[in-house]
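Shown next, in structure tokens, is the structure this report addresses.
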Amino acid sequence: MSDVIVEVSGLHKSFGRLDVLKGIDLSVARGEVVCIIGPSGSGKSTLLRCVNLLEEPNAGTVVVNGFELTDPDADIDKARRTIGMVFQGFNLFGHLSVLDNLTVAQRKVLKRSAAESEAIARENLRKVGLEEKARSMPVQLSGGQQQRVAIARALSMQPAVMLFDEPTSALDPELVGDVLAVMRQLAEEGMTMLVVTHEMQFAREVADKVLFMDGGVVVEEGPAAKVIGAPEHERTQTFLHRVLNPVHANE
Ligand code: ADP
Ligand code: MG
């Protein structure tokens, strides 16, 4: 079995005449946490969406857990099952209880029995600290709790890799910590993770590798201590100065 879980090569994506991704190379090894940082509009979400083929790349290849998703003959639904995705908005099914949110795809897609899917769901709710909310409806939960449910739902499919697209940026500041704590714990347990985030402290402490994207290219990549602590490129320095000194953001 390969130790590279995500391999993106020469990825290009445009919307009409707008070139959003201009040749991205990226690899995530088993058990690695890779964080992507960069200004709004630099193509971070588009990159993640190409990794699970929610967007179809114009050129380049995406291989996840040994499946080439960009192969025209690929069974995309099957390949996608190995990818967990957590978005900025929580995307829970509002008409289903927390428990049903976690079991529905296990039953329908993975054909697990009701008993097995419920056992796996409860184990993952425990992991995110929300076992007692199994019977709640999403609307009864805080944003932070909903996001932890979304993480537990993705984990219940037992993915080979988890993709996170700014999972804390829609949350009230006091709710961010609980979600980051869950992500930190997943990283410690060895989950392979590709995380788009503006949480520089999290990236510094948890990421094995950080990529700085701007204008549809990876400008700089390396260990967090280097890319965030001592960036080489002026664009990286300017971006970090802005996010680390938000008071000056509008100057
Ligand atoms: P980021 O996540 O880094 O903020 P995005 O990947 O969301 O950046 O967007 C990059 C660029 O692509 C932006 O200019 C955005 O407006 C454009 N874009 C994203 N999705 C679409 C789409 N479905 N159709 C047209 N343009 C899009
Ligand atoms: Mg985005």
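The numbers here are math on the coordinates, done by the rules we state, and not lab data. None of the values given here were measured: they were computed from a predicted structure. Ideal geometry is used to build each Cβ from the backbone, glycine not excepted, and the neighbour counts take in all protein chains shown.
Summary of computed values
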{"quantity": "Inter-label distance, nm, simple model (7 Å from Cα along the C-beta direction), Asp73/Val4", "calculated": "2.2 nm"}
{"quantity": "Relative contact order for the chain, counting Cα pairs under 8 Å that sit 6 or more residues apart, in percent", "calculated": "25 percent"}
{"quantity": "In order through the range 106-115: 3J(HN,Hα) via Karplus (6.51 cos²θ - 1.76 cosθ + 1.60), integer Hz, x for Gly, Pro", "calculated": "4, 6, 6, 8, 8, 6, 7, 5, 4, 5"}
{"quantity": "Lys/Arg +1, Asp/Glu -1 at C-beta; the chain dipole; positive extreme among Leu240, Val219, Phe87", "calculated": "Phe87"}
{"quantity": "Spacing of the two label points (7 Å from each Cα toward its C-beta) at Glu131 and Asn245, in nm", "calculated": "4.8 nm"}
{"quantity": "Which listed pairs, of Lys133/Lys209; Lys13/Lys78; Lys22/Lys108; Lys13/Lys209; Lys13/Lys127, have C-alpha distances above 27 Å, in listed order", "calculated": "Lys133/Lys209; Lys22/Lys108; Lys13/Lys127"}
{"quantity": "The chain - charge dipole about Cα centre, Lys and Arg +1 at Cβ, Asp and Glu -1, debye rounded to 20", "calculated": "660 debye"}
{"quantity": "Exposed-site-free run, longest, the chain (rule: trypsin sites (Lys or Arg not before Pro); DSSP loop; at most 14 other C-beta within 10 Å)", "calculated": "136-251"}
{"quantity": "Where a label projected 7 Å from the Cα of Phe15 along Cα→Cβ would reach, residues of the range 68-85 with amide N under 16 Å", "calculated": "none"}
{"quantity": "At most 16 other Cβ within 10 Å, DSSP loop - GluC sites (Glu not before Pro), the range 117-224", "calculated": "Glu189"}
{"quantity": "Selected from Gln201, Gln158, Gln145 as most flexible by GNM, with the chain as the system and alpha-carbon contacts under 10 Å", "calculated": "Gln201"}
{"quantity": "The range 124-175 and the range 24-75: distance between their alpha carbon centers, rounded to Å", "calculated": "23 Å"}
{"quantity": "Debye log10 I(q)/I(0) for the range 154-243, one point scatterer per Cα, at q = 0.12, 0.18, 0.19 Å⁻¹", "calculated": "-0.40, -0.87, -0.95"}
{"quantity": "Between 0 and 90°, nearest 10: helix 173-188 axis offset from the chain longest Cα axis", "calculated": "90 degrees"}
